[in-house]
Amino acid sequence: MSERYIKVFSGNEDLYVDDAPIMIRASALLKDTLTGKMIAQLKFQNISDNNITYIKVRITQLDAINQQIDTPIDFEYLDILVSAKEEFGSRTPIILSNPAARAFKVGVSCVGFSDGTVWKCENSDWVPALME
């Protein structure tokens, strides 16, 4: 019996942008062999001292030669409560709109906190963090 989900892409780990309250720890693209749909999985870490209640990410789908296909997808993680240093998101599937996607780029565009403050980011160039 074959596996239902096949990993077709793993993104860079520990992506960050200056002053971000969050880090993208890991990303993967899976193909559902029963439906043919492509599913993105993301794992984040709250690196701020505040509790996170909401995040919005933008996913740019890429084809087999890393060219953008379709318009980017905005996905929201709603009704969450993530404490400082806690990881989250890895169990939330994101169905991509184009079954031809073979990779993707991701960035966090908005983070909401339990105290009502919001962090926004227009920079979509999340890069590997320099870890000590």
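Quick one: accessible area per residue over the range 1-131, 1.4 Å probe, rounded to a whole number of Å²? Please report the intermediate quantities before stating the final value.
Numbers: 7570 Å² over 131 residues.
I get 58 Å² per residue for this part.
In whole Hz, what ³J(HN,Hα) sequence does the range 33-41 give by Karplus (6.51, -1.76, 1.60; θ = phi - 60°), x for Gly and Pro?
After applying 6.51 cos²θ - 1.76 cosθ + 1.60, I find 6, 7, 9, x, 6, 9, 10, 8, 10 Hz.
Just by accessible area at a 1.4 angstrom probe, what is the order of 58, 25, 102, 91 from largest to smallest? Show your work: numbers first, answer last.
Numbers: 58 110, 25 45, 102 85, 91 215 Å².
Ranked list, largest accessible area first: 91, 58, 102, 25.
Quickly rank 9-16, 73-80 as a protection proxy: mean count of other C-beta atoms within 10 Å, highest first. Please list the in-between numbers first.
On the way: 9-16: 16.2, 73-80: 14.5.
The peptides rank, most packed first, as 9-16, 73-80.
Given points 7 Å out from each Cα along the Cα-Cβ axis, report the residue 58 to residue 35 separation in nanometres with one decimal.
2.6 nm
Just grab the label-to-label distance for residue 3 and residue 47, each label 7 Å out from Cα along the Cβ direction, in nm (one decimal).
Rounded to a tenth, the inter-label distance reads 2.9 nm.
Rounded to the nearest 0.05, what FRET efficiency do residue 91 and residue 115 give with R0 = 30 Å and r taken as the Cβ-Cβ distance? Could you check? Walk me through the intermediate numbers first.
Details: r = 26 Å, r/R0 = 0.87.
FRET efficiency, residue 91 to residue 115: 0.70.
Taking the alpha carbon gyration tensor of the chain, what are the square roots of 5 times its eigenvalues, largest first, to the nearest whole Å? Working shown, then result.
Working: eigenvalues 137, 48, 38 Å².
Ellipsoid half-lengths, sorted descending, are 26, 16, 14 Å.
From the C-alpha coordinates alone, can you work out the Kirkwood hydrodynamic radius of the range 5-58, in Å?
Working: mean 1/r = 0.0789 Å⁻¹.
Across the range 5-58, the inverse of the average 1/r is 12.7 Å.
Can you tell which of 55, 75, 116 lies farthest toward the positive end of the dipole of the chain, using +1 and -1 charges on the Cβ of basic and acidic side chains (Lys, Arg; Asp, Glu)?
The residue sitting most towards the positive pole is 75.
The values are calculated or read from the model by the stated rules, or taken from the named source; none is laboratory data. Computed from a predicted model, the values in this text were never measured in an experiment. So basically every Cβ, Gly included, is an ideal-geometry build from the backbone, and we count neighbours across all protein chains shown. In case anyone asks, the SASA skips ligands and DNA or RNA and just uses the protein heavy atoms, side chains included. Shrake-Rupley method; radii C 1.70, N 1.55, O 1.52, S 1.80 Å.
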